[in-house]
1. Which of rounded, prolate, oblate describes the chain, given a ≥ b ≥ c as roots of the alpha-carbon gyration tensor eigenvalues and a/c under 1.5 marking rounded, otherwise prolate only if a/b is larger than b/c?
2. Could I have the simple spin-label model distance between residue 22 and residue 226, label points 7 Å from Cα toward Cβ, reported in nm to one decimal?
3. Applying a 10 Å radius around every beta-carbon, put 302-308, 172-178, 210-216, 182-188 in order of their mean neighbour count, most first.
4. What ranking, highest mean first, results for peptides 13-20, 105-112, 244-251 when packing means the other Cβ atoms within 10 Å averaged over each residue?
5. When a/c reaches 1.5 or more, the comparison of a/b and b/c decides; with that in mind, is the range 1-138 rounded, prolate or oblate per its Cα gyration tensor?
6. Once each part is reduced to its C-alpha centroid, what is the distance from the range 192-209 to the range 224-271 in angstrom?
7. What full-extension length gain, to one decimal in nm, is calculated for residue 294 and residue 165 as 0.36 nm per residue of separation minus the Cα-Cα distance?
8. Taking every DSSP beta bridge that has both residues in the range 48-170, what percent is antiparallel when rounded to the nearest 5?
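Here, each number is a calculation from the coordinates, and none is a lab measurement. Being a predicted model, the structure only gives us computed values, none of them experimental. Cβ: placed from backbone, ideal geometry, glycine included. Neighbour counts: every protein chain shown.
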Ligand code: 3EB
């Protein structure tokens with residue numbers, strides 16, 4: 001049992017699908033996982049419904065907790081697993097069955113997400129993953145991503161949650177088919193938000209990017225127990241200030257994305273006793289055009305070396321990025337021994 005007042009230890013490992021499934025051989029599932037290109041219907045492993053472009057095929061980030069009893073349930077449309085200290089949730093919405101527009105759908109999805117956190121007493125969001133079918137398509141006079149931003153921000157306001165400084169780390173990608181999917185990791189201790197000095201905070205983007213800003217911080221740091229600290233880096237792309245740079249050039253966009261990742265890591269490192277590094281991150285690399293995968297991979301390999309854990313663990317997925325001029329986006333996480341600085 002967990003000692004009262006101590007943080008349940010949260011850890012994560014990136015595994016192949018078969019190694020993830022092997023963990024259930026003793027008849028009990030791990031706490032929870034986020035699967036990339038994995039089968040639907042595994043209750044403990046909500047999937048990211050995008051085509052895997054890397055040779056290893058389907059992969060998963062398997063989350064482990066110690067202490068507490070793992071319970072699962074549903075709150076509204078959200079499914080969740082929680083040990084009382086940590087919670088991983090999933091929402092899947094078949095938009096074809098809805099009469100509302102995407103702004104309203106996003107609003108009610110996030111309403112259920114926040115209700116879940118309240119019910120489970122895990123109020124603090126560490127990370128949110130958003131997957132929108134046809135993210136760049138028109139949604140009735142407004143791009144669907146911008147519609148989504150409307151409803152998402154409204155839900156943060158309604159719930160009295162930080163929609164600007166202190167927003168959770170997140171990503172928002174376009175998938176080609178299937179349900180609108182949201183996955184979320186939450187806990188009992190508040191994460192520390194991190195911004196990127198090279199970029200305008202997304203929640204301060206000018207109105208040219210839509211009537212309501214995206215609601216996310218560039219990264220978040222969290223105490224995950226057992227003397228470890230976790231870094232969650234939001235989707236990161238070729239944006240400097242608030243503008244897309246290197247339009248049409250996937251090599252330069254990837255290099256700019258790496259500069260942004262380095263800047264976020266440096267900002268994060270100034271707030272912890274741990275030292276995070278690019279070469280040790282577990283990344284998901286979203287590529288708009290599958291034919292660009294090798295070009296992106298070559299830039300990453302040149303940056304950190306082919307033997308780096310970042311390269312060996314990277315998952316490449318086919319996805320649309322939330323701005324139609326972005327060709328690549330990289331998100332990442334890492335856990336390292338250390339603690340948050342006071
Ligand atoms: C950007 O920097 C690229 O809407 O939740 C990255 C991460 C992006 C999260 C979101 C969007 C989101 O603006 C797009």
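1. rounded
2. About 1.9 nm, to one decimal.
3. Ranked by mean Cβ neighbours within 10 Å, highest first: 182-188, 210-216, 172-178, 302-308.
4. The peptides rank, most packed first, as 105-112, 13-20, 244-251.
5. Oblate, because a/c is 1.5 or more while a/b does not exceed b/c.
6. Centre-to-centre distance over Cα atoms comes out at 12 Å.
7. Result: 42.8 nm gained on full extension.
8. The antiparallel proportion sits near 85 percent.
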